[in-house]
Amino acid sequence: MTSGESNSTHLSALEIAEAQFPAQAGRVRQLFQTNETFRSMCEDLAAAAETLANVERLPDNVRETRRQEYAGLVDALVSEIGDALSQSKVVMLRRQGEAKPKPQ
């Protein structure tokens, strides 16, 4: 794979994730660029969405099973990405005077 191919794959994954969460597109971009786990989830979503979009090309005897399988995978990944977006907004606050946790 050339670096151009890699970049286009990343862009596609980013665009798909942004399309799922348009109100949070800025946050999606930030996490995509800085968080490898988040980026991997987006890439998995892009791959699953692409497979789901092409399920009609599969043989009749497996088409519906694969459609259900990949639709479930897309739903699960969208939910997981949504959870990651929600968790990324959490800010841990300490009260003034609270001791910092001691390293173990």
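The values are calculated or read from the model by the stated rules, or taken from the named source; none is laboratory data. For clarity, every value in this text was computed on a predicted model and none was experimentally measured. Because the Cβ atoms are built from the backbone with ideal geometry, glycine has one as well, and the counts that use them run over all protein chains shown.
Do we find a residue being without any contact (Cβ under 8 Å) to a residue 40 or more places away in the chain and under 14 Å from Ser88 (Cβ atoms) anywhere in segment 39-48? Scanning segment 39-48, I find at least one residue that is without any contact (Cβ under 8 Å) to a residue 40 or more places away in the chain and under 14 Å from Ser88 (Cβ atoms), so the answer is yes. When the criteria are applied in full, Arg39 fails the requirement of being more than 23 Å from Glu69 (Cα to Cα) and surrounded by 14 or more Cβ atoms within 10 Å (Cβ to Cβ). None of Glu64, Glu18, Glu69 is closer than 18 Å to Ser88 by Cβ, of a type outside the set (S, T, N, Q), in a helix (DSSP H, G or I) and at pLDDT 95 or above except Glu18. Of all residues assigned to segment 72-79, at least one qualifies as being within 23 Å of Phe21 (Cα to Cα) and of a type in the set (S, T, N, Q).
Return yes when Glu43 is touching a His at 6+ places or on another chain (Cβ under 9 Å), assigned to a helix (DSSP H, G or I) and at pLDDT 95 or above and no when it is not. Criteria met by Glu43.
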